[in-house]
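The values are calculated or read from the model by the stated rules, or taken from the named source; none is laboratory data. Since the structure is predicted, the reported quantities are computational estimates derived from the model, not experimental observations. Note that we place each Cβ from the backbone using ideal geometry, even for glycine, and neighbour counts take in every protein chain shown. These accessible areas exclude ligands, DNA and RNA; they are computed on the full protein's heavy atoms, side chains included. Shrake-Rupley method; radii C 1.70, N 1.55, O 1.52, S 1.80 Å.
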Amino acid sequence: SYALTKILIPSQYFGNHIVDGKFIPAKAYIVTIPALVPRSRRRQKIKRGIVHISGCDYETHDIPVSLTSRTESYEAYTAYFRQLKEIGYPLRSLTCDDKTSVRIACFQHYPEAKIQLCLRHYTEEIARTLKIRSYERTMNSIEKKLEKLGDDFCYPTRRTAQRTAVRLVNRMAELECRYWIAYEFSALLHSLIRVKTREQYSAAARELNYFF
């Protein structure tokens, strides 16, 4: 795409760019054609592979540059943004993940660019800060343990099962009391970010305002 874009020299780009790298398992790193993705076996666990880095102009959905590399390193992203600069891409904003190498490489060629996290990484960062994922994993683990008990705790003679059920339920109640504010806030923020219509946005904003 880089060679084709360089020949056509498109001028309709708005400069709002999205970039990401995807790991592709591969037995050997042999690239004879730039941006060529070799065949791989998806269902097998292969430690070796390549990273396919590509970006998209948000308004036109065009992919001006793509390349392959061993890792998502600073050198790989430097080469990526250098190619963008060579074709005259007017990058104004960049949406990417939380890798430092992407931001440093971008500022090297586009020092005035505005960088923001993509929605998935943004919401994951919120969940990580509020420890929501840890709360969810613990609750799921407790629920599975209760399911394994079945109906044993319903019988008076199953004292061990009853004590275990009481301990697990008390643990769930303790976690809900400790994390309910953070969990509800995270859920409301997720709904606000992912709305698709103005009406949905207004409803989510009212809920978030009522929450505070």
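Some points to look at:
- In a fully extended conformation the segment linking R128 and E75 would gain 16.2 nm over its present Cα-Cα distance, using 0.36 nm per residue.
- Across the accessible surface of segment 147-211, with the other protein chains kept in place and a 1.4 Å probe, carbon and sulfur atoms take up 54 percent.
- Segment F212-C177, length gained on full extension (0.36 nm per residue, minus Cα span): 10.8 nm
- Counting all C-alpha pairs of segment 68-116, share separated by more than 18 Å (%): 21 percent
- Summing Lys and Arg as +1 and Asp and Glu as -1 over all other residues whose Cβ lies under 15 Å from the Cβ of Y122 gives a net charge of +2.
- Of all aspartates and glutamates in the structure, the ones whose alpha carbon falls short of 19 Å from that of K99, not counting any fewer than 8 places away in one chain, are D20, E72, E75, E112, E124, E125.
- A Förster distance of 22 Å, applied to the separation of the beta-carbon atoms of H190 and Y58, puts the FRET efficiency at 0.50.
- On the principal axes of its alpha-carbon atoms, segment 135-190 has extents of 47, 17, 13 Å, going from largest to smallest.
- Here the scattering of segment 104-212 is modelled by Debye summation over its C-alpha atoms, one equal scatterer each and no solvent; at q = 0.10, 0.13, 0.20, 0.24 Å⁻¹ the log10 of I(q)/I(0) is -0.51, -0.71, -1.03, -1.21.
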